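Read through the structure below, which is laid out as structure tokens, and then see the notes.
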Amino acid sequence: MRLGRSFSRRTVVLTLPESCWSSETLHRPSGRIAEQGGDAFYRGDLADRMVEDVRRHGGNWTREDLAAYGAVVREPVHGTYRGYEVLGASPPSAGGVVLIEMLNVLESADLSEPFDDAKVHLMVEAMRRAYYDRSRYLGDPDFLDMPVEELTSKEYARSLFTGIDLQKATASMGLHREEGGVKENMETTHFSIIDREGNAVANTFTLEDNFGSKAVVTGLGFLLNNEMHDFNINPDVPSHQGGFGGNPNLIGPGKRMLSSMSPTIVLREGRPFLITGSPGGRTITNTVLQVLIGMIDRGMSLRQAVDAARVSHNWLPDVIRYEAGRWNRSILANLQKRRHSLKDIEFLGDAHSIWIDPVSGLYHGEADFRRMGWAEGF
Ligand code: DON
């Protein structure tokens, strides 16, 4: 594979205290899983040791919980945007549905350059509405019937678009009368891959917070996540990330929590055109949206689309978070005149992406420099 650009490689080595692992065991779990498949992890002695360790530290896992769990392969959510096909993550991630809903709404708008405050306003209003639907409708498909087709339909998007006031911000509380909350946390990882045959992978991986639950199963060398945070504990209480979710994502036995992860592959004429995704909790889908708009609407190169200043609106809290120091002040002032509340944030997302030039077929890997990472070809 040839890359359009090359980047200096940055390596970070993380070490865990010796009490967390032993040389005899550290590399074994992955080898066992490779040889024996998922059963090696969810059943048998690896499972016993995880359960034992979690219980020793006050947790309440059981062997049955693990044995009943397994990865599920699901069909991607499918949409189109200005002639491109968009394949997105299906529930229990909200990513694909929310992204396609926003793109459908924005298809009615001209988002080409110059990308002024009127266009940011439209984008934010699409975010507000799609994230409101996220909190109203989305959760674990094994427990919920979700109106995915309706939410991703062009007709619904047109009705949302016509409800947007082109001059000023809609009050999120006007969409629904509930309360918002506090802040976001960011430690997920996304990478994009394509091989010489054109097989593409968009992979977003999350432990939720930095180092997940910060617990390593003694002797096994891997961290346990703390994804339980992604559930809504109480329909009247915002999540620790400041997002607000309704009953569809209420915590319950055996349920999978609602995610925002949005690994995305965009096809043009049936062939991979863009592979992207991002960390960033509930802001993830908005980052992916803006990479797509950069490439498809704003005539940007992938490098420019990844670098472009980002905003995020998640319905509640009713505020636009914008990347500090990256936005033109007059755009920000004009958004305030439109009655948007603004809050700066150091950065949003980390969208390591690949663009496949439809003419030359060349692969262009672009790292997002907001955090760390690099593009590389083998
Ligand atoms: O699946 C989700 O939406 C969250 N667990 C993602 C958390 C996240 O992105 C935090 N790091 N940036």
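The values are calculated or read from the model by the stated rules, or taken from the named source; none is laboratory data. Quick caveat: nothing in here was measured; it's all calculated off a predicted structure. Counting neighbours? That spans all protein chains shown, and the Cβs are built from the backbone with ideal geometry, glycine included.
Scan the range 323-339 for residues that are farther than 17 Å from Val288 by Cβ and within 24 Å of the chain's Cα centre (by Cα) and the total you get is 4. Within the range 275-291, residues that are more than 9 Å from the ligand (Cβ to nearest atom) have Cβ atoms under 6 Å from residues that are at pLDDT 95 or above and among the aromatic types (Phe, Trp, Tyr) in no pair, counting only partners at least 6 apart in sequence or on another chain. Considering the range 248-265, and only residues there that are touching a Leu at 6+ places or on another chain (Cβ under 7 Å) and modelled with pLDDT of 95 or more, the residue that is farthest from the ligand (Cβ to nearest atom) turns out to be Ile265.
Among the residues of the range 41-71, the ones that are part of a loop (DSSP other than H, G, I, E, B) and touching a residue at least 24 places away in the same chain (Cβ under 8 Å) come to 6 in all.
Against the definition (modelled with pLDDT of 95 or more and within 16 Å of the ligand (Cβ to nearest atom)), how does Pro141 come out, yes or no? For Pro141, the condition - modelled with pLDDT of 95 or more and within 16 Å of the ligand (Cβ to nearest atom) - is met.
For the range 352-367, the criterion of a residue being modelled with pLDDT under 95 and in contact with a Gly (Cβ under 7 Å, 6 or more places away or on another chain) is satisfied by no position. Cβ-Cβ contacts under 9 Å between residues 6 or more apart (or on different chains), taken from a first residue in the range 92-106 that is closer than 12 Å to Leu160 by Cβ to a second residue that is within 13 Å of the ligand (Cβ to nearest atom) and not β-branched (Val, Ile, Thr), are listed as Glu101/Arg134; Met102/Tyr131; Met102/Asn286. Those helices (runs of 4 or more DSSP H) of the range 272-364 in which at least 1 residues are among the acidic types (Asp, Glu), considering only elements entirely within it, cover 302-307.
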